[in-house]
Amino acid sequence: MNSAAKEYVVYADGACIGNPGPGGWGVVIVEPASERRALSGGPVPNTTNNRMEITAAIEALRATEEGARVTLRSDSEYVVKTMTLGWKRNANRELWDELDREVAKRKVRFEWVAGHAGNHWNEQADKLARARAEGRIAPDIAAPAERRREPVAAEEGETARRMESLLRDGETIRKCAGCGRLFVSENAQESYCSMVACQLKARQPG
C-alpha cells in the first residue's frame, strides 16, 4: 500500500419502506473536505433494508479510488460486524461478494456509529437514503452548524454577544432569510425564524 494514498472518511446508509419494499441508499464523503460530496440511488423495488445497507457500503467504496485508505462508517451492525467479526453470510451472497471485491482494492476500516443519535453525517446519509427510497429527489447535504459563528450586523452585535454565552450545545445564532432579524436555531438547514410571515415564505413551494 502506497504510504501517500489518499485517505477518505465516508458515511453509508440504506433505507427501505416496508422491508421488503422500495429501498434507497445514501453516501456522504466527508474527508478530504475538498472532495466532500453526496451520492444516492433508488428507489430499488422489492428490496430489504439489509440489502440497501450493503449496497450503500459498496457504492461508498466505489466513490474512492483504488489503493485509497477508507474509513467507512455505518449504523448497520449487520454490515460492520459481518465485515469485522465474521458474522455468517446466510443471505445476500452476491452483494457480500461485490463488497469483498471493492474492499480488496483498498485499505478499509469499518466503524459502527449509532443511528439517529446526533451524528450529523450519518443523519445526512440517512436523509439521502430515505428520500430515494420514497422516490423523492435527494436533498442537498448540509454542513454541521458551527456554534456562535454566524456573522451578525453591527447594530445587533451587543444583543448577539449577550446571547452567545447562553447558547446550548448545537445552537447557533442565525439571520432570518425572511425578515433579516437574528434568531436562535438548532437546525443547520433552518434559514427562517419562527415569525408567521417568515414561516409562510419558508413553506411556500418553489
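The values are calculated or read from the model by the stated rules, or taken from the named source; none is laboratory data. Here the structure is a predicted model, which means the values were calculated and not measured. Virtual Cβ from ideal backbone geometry, glycine too; neighbours counted across all protein chains shown.
One residue is enough: does the range 82-95 have a residue meeting the conditions in a strand (DSSP E or B) and crowded, with 16+ Cβ neighbours inside 10 Å?
Looking for residues that are in a strand (DSSP E or B) and crowded, with 16+ Cβ neighbours inside 10 Å, one finds none in the range 82-95, hence no.
Looking at the range 174-199 only, could you name the residues that are among the polar types (S, T, N, Q), surrounded by fewer than 19 Cβ atoms within 10 Å (Cβ to Cβ) and either closer than 23 Å to H120 by Cβ or in contact (Cβ under 8 Å) with a residue 40 or more places away in the chain (or both)?
Result: N187, Q189, S191, S194.
Determine, yes or no, whether E53 is buried (at least 19 other Cβ atoms within 10 Å of the Cβ), in the same structural domain as H116 (by TED's automatic domain parsing) and of a type outside the set (K, R).
Against the criterion (buried (at least 19 other Cβ atoms within 10 Å of the Cβ), in the same structural domain as H116 (by TED's automatic domain parsing) and of a type outside the set (K, R)), E53 qualifies.
Looking at V79, is it closer than 27 Å to P144 by Cβ, among the hydrophobic types (A, V, I, L, M, F, W, C), modelled with pLDDT of 95 or more and part of a helix (DSSP H, G or I)?
Taking the combined requirement at face value, the residue satisfies it.
Can you tell me which residue in the range 1-33 is surrounded by the most Cβ atoms within 10 Å (Cβ to Cβ), limited to those that are of a type in the set (G, A, S) and part of a strand (DSSP E or B)?
Residue satisfying both the conditions and the ranking: G14.
Scan the range 36-56 for residues that are within 13 Å of the chain's Cα centre (by Cα) and either part of a strand (DSSP E or B) or among the small types (G, A, S) (or both) and jot them down.
R37, A38, L39, S40, A56
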